[in-house]
Amino acid sequence: MAAGGKHFIALRLGEELQYRLTMDGPSMLKKDWTVTQEAFDRLLRQLDPDRERAGEVYEQIRQKLTKFFQWRSCATPEDYADRTIDRVARKIGEGAEIHTQNVYLFFHGVAINVLREHWKEVQKADIKPLDDIQPPPAPDNDPETAQKERKMECLDGCVQRLPANQLVLITEYHQGEGGAKIARRNELAQQLGIPLNALRIRAYRIRGELESCISECIKRNEFPLTPLEK
Amino acid sequence: MKKTNEDEAMIRYLLGEATEEEQTRLEEQFFQNDESYQQLVALEDELRYDYAQGGLTKRQRASFEKRFLVSDEDRRKVALAKEVIVRAQKERAETMVPARQERTSFWQVFTSPLRLSFAASAALLVVFGGLLTLHTVQLNHQLDQLRAQRTTDQQTAQQQVATLEKQRAELEKQLNSKPAQAPTPTLFSFVLMPGLTRDADVTKPLLIPAGDGGVRLQLDVKKKGAYKSYLASVQTLDGEQVWSQNLQSAQLTIPAKVLRSGDYVLELKGIVAGGEQESAGEYYFTVVRK
């Protein structure tokens, strides 16, 4: 952690890794140590001797740590991911070697400790974990009618742009209920000659592309969309 | 066919229902293995879509709401997920009309690139032509299977509608004939309020005397006048459906004989002008048979 509660994030610019300072997370995250440039460089070297590859591994680890803290109900998962990386960098900076067969497991072990500290902080601060927070009531109606209409336009346009085979896959994948839906997904995977796991990823990507299309369309205020020839 | 044990473990993990041991195992797995990580991320997204479509068990829905339905942004994402699937299904239904098929048929979609590849490859290497033909036949076979599956689904849906209609007719017949057979009043009326979660303090038990009468329920619907008709389904908390019916209004009569003492949830789906269904409310109630 840099002085003043700043944090390094590795960014790849050309062939060189450069560092950007960003604002720190919530004040409740007490920082007791500062990541030096040297410690950070040593961390990257531990991840991979090749600096560019090390940057990629760093980003993968940070992504997984963020999800780990999110799935463990931390309200600010990115802050705790950074805190974990700081902790690992400190250990390495102090001369520790990562003896674990897999470097990812080392990060996971440290993350578990950070998580335990988080729980203690939550207890001390009497902050409700996510699991104890009741969902907010649904709004009675959407006051932004124009925005809602635009969203519908974008939704229609993006769905119409979807290639037919993807449209068939996504509707088949989400058809039915309960056991029938699961059976259908298994059948679909068999028909396509791919494992169920691969089908799940395929459906996830189609949904992701659709949502991105809708989101970008709304931002661009681009409607009505002209359906593309499929 | 059921979900694999691993899928079930991952779902438990995402919903915060996994044991500490399971959590550690899955985490070590996804930290080391990108494929496992991708599966979890995809499954998390899939849960959102399943939830939006009214899927998942009662307990899973409650866990999902606590974990993934916390902010307004979360709610917007779920609402979008629902819209995406509804629109995709509508779009697919429209692609079935002849005019659309002329423009882009499934055959063209699945085979055009292959046919081009075949022509080019055949001109260069005859041996590859044979392989491509085989591949085309396989794709054709898959297409036939998809079409057959769709036909079967339509038939199943029609049969389900016919069965429900038959059940409705029988129940109406029974209810209509009851007053003549039994002079004593056998209809019990209650008003149910919607609620996302079951609250023992709020839920008043419906006291229903022994007998074969009907239980009339008046449902308080938030979006009054938004639906042209409804589909009501009564289930036990274990998910066993005991009764369902199409309704013209948010009022229904359930044969008392299907209700034993216990807790129930009534799922009300509203049918809008376009024929699409959406959740109009969930009503928890407890039955006590005297």
(message) Can you pull out every residue in the stretch B:55-67 that is modelled with pLDDT of 90 or more and either under 13 Å from residue B:279 (Cβ atoms) or at the interface with chain A (Cβ under 9 Å from one of its Cβ atoms) (or both)?
(response) B:61, B:63, B:65
(request) Could you check, for the stretch A:109-129, whether at least one of its residues is closer than 23 Å to residue B:51 by Cβ and at pLDDT below 90? (result) yes
(request) Would you mind finding the one in B:50, B:45 that is free of Cβ contacts under 8 Å to residues at least 40 places away in the same chain and more than 7 Å from chain A (Cβ to nearest Cβ)? (result) B:50
(request) Search the stretch A:203-229 for residues that are hydroxyl-bearing (Ser, Thr, Tyr) and pair each with any residue that is surrounded by 14 or more Cβ atoms within 10 Å (Cβ to Cβ) and at pLDDT 85 or above when their beta-carbon atoms are under 6 Å apart and the residues are at least 6 apart or on different chains. (result) A:204/B:42; A:204/B:45
(request) With the condition kept exactly as written, say whether any residue in the stretch A:163-184 is under 17 Å from residue B:145 (Cβ atoms) and in a loop (DSSP other than H, G, I, E, B). (result) yes
(request) May I ask you to list pairs of residues, at least six apart or on different chains, whose Cβ atoms are under 7 Å apart, with the first in the stretch A:185-200 being closer than 19 Å to residue B:35 by Cα and the second being of a type in the set (Asp, Glu)? (result) A:200/B:46
(request) Quick one: which residue in B:250, B:256, B:280 is buried (at least 19 other Cβ atoms within 10 Å of the Cβ), at pLDDT 85 or above and more than 20 Å from residue B:168 (Cα to Cα)? (result) B:280
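Listed here are the residues, each with its yes/no results for (1) surrounded by fewer than 16 Cβ atoms within 10 Å (Cβ to Cβ); (2) under 30 Å from residue A:218 (Cα atoms).
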residue	(1), (2)
A:158	no, yes
A:163	yes, yes
A:170	no, yes
A:175	no, yes
A:180	yes, no
A:183	yes, no
A:189	no, no
A:196	no, no
(message) Restricting to the stretch B:228-244, give me the number of residues that are closer than 28 Å to residue B:59 by Cβ and either assigned to a loop (DSSP other than H, G, I, E, B) or touching a Leu at 6+ places or on another chain (Cβ under 6 Å) (or both).
(response) 7
(message) Exactly one condition in (1) surrounded by 13 or more Cβ atoms within 10 Å (Cβ to Cβ); (2) more than 21 Å from residue B:28 (Cβ to Cβ); (3) at pLDDT below 85; (4) within 14 Å of chain B (Cβ to nearest Cβ) is false for residue A:93; which is it?
(response) (4)
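The values are calculated or read from the model by the stated rules, or taken from the named source; none is laboratory data. Computed from a predicted structure; not experimentally measured. Cβ coordinates were reconstructed from backbone atoms using ideal geometry, including for glycine residues, and neighbour counts include every protein chain displayed.
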